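Read through the structure below, which is laid out as structure tokens, and then see the notes.
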Amino acid sequence: MLCNGGITLKENIEEQIIKQYQQDEKMMVLVFSQWCINHDLDPFEIYQKAYPSQQKNSMLVETQELTVSKEEAGEIANETLLGVLSLFGNEQLAFVVSEEMEKLKHK
């Protein structure tokens, strides 16, 4: 079944799913970045601890423009952040964030 100049309906749906996933992934990175800022942590340092062999994450760089100061930001619950990271399979990052959460408890 063709639509829109030769693109099949299935291809169109797949494209929409990919686009939605990318938007959701960007939101996850933004939540992570804002949580770090809210706790006076550097999101790049935390990410590097989780993934030391990776280059700079372009999405992490991109989302920095969307973050606000911790005074302007709303609270992001620890459980919310861990849930979002797990949802996207960022278990290693969730582990490092959990360690940072423990350190914050003792401050």
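Going residue by residue through the range 18-40, is there one that turns out to be at positive phi, modelled with pLDDT of 85 or more and not aromatic (Phe, Trp, Tyr)?
Looking through the range 18-40, at least one residue is at positive phi, modelled with pLDDT of 85 or more and not aromatic (Phe, Trp, Tyr).
What are the residues in the range 47-96 that are of a type in the set (A, V, I, L, M), more than 11 Å from SER33 (Cα to Cα), part of a helix (DSSP H, G or I) and touching a residue at least 24 places away in the same chain (Cβ under 8 Å), if any? Give the steps one after another, and end with the answer.
As a first pass, look at the range 47-96 and keep what is of a type in the set (A, V, I, L, M): 50, 59-61, 66, 68, 73, 76-77, 81-82, 84-85, 87, 93-94, 96.
Imposing the further condition that a residue be more than 11 Å from SER33 (Cα to Cα) reduces the set to 50, 73, 77, 82, 84-85, 87, 93-94, 96.
After this cut, where a residue has to be part of a helix (DSSP H, G or I) as well, the list is 50, 82, 84-85, 87, 93-94, 96.
Selection gives ALA50, VAL84, LEU85, LEU87, LEU93, VAL96.
Rundown of residues vs (1) touching a Leu at 6+ places or on another chain (Cβ under 8 Å); (2) loosely packed, with under 12 Cβ neighbours inside 10 Å; (3) not polar (S, T, N, Q), yes/no style:
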| residue | (1), (2), (3) |
| --- | --- |
| ILE13 | no, yes, yes |
| GLU25 | no, no, yes |
| GLN48 | no, no, no |
| TYR51 | yes, no, yes |
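Can you confirm whether ILE37 is among the β-branched types (Val, Ile, Thr), under 20 Å from LYS103 (Cα atoms), without any contact (Cβ under 8 Å) to a residue 60 or more places away in the chain and touching a Cys at 6+ places or on another chain (Cβ under 7 Å)?
Taking the combined requirement at face value, the residue does not satisfy it.
Mind checking which residues of the range 67-82 are surrounded by 12 or more Cβ atoms within 10 Å (Cβ to Cβ) and within 18 Å of ILE46 (Cα to Cα)? Steps first, please.
To start, the set of residues in the range 67-82 that are surrounded by 12 or more Cβ atoms within 10 Å (Cβ to Cβ) comprises 67, 70, 73, 76, 78, 80-82.
Hits for the range 67-82 are THR67, LYS70, ILE76, ASN78, THR80, LEU81, LEU82.
When you scan the range 16-39, do you find a residue that is aliphatic (A, V, I, L, M) and over 17 Å from the mean Cα position of the chain (by Cα), even just one?
Yes, that holds for at least one residue.
The values are calculated or read from the model by the stated rules, or taken from the named source; none is laboratory data. Since we're looking at a predicted model, the values are computed, not measured. Positions of Cβ are backbone-derived with ideal geometry, glycine not excepted, and every protein chain shown enters the neighbour counts.
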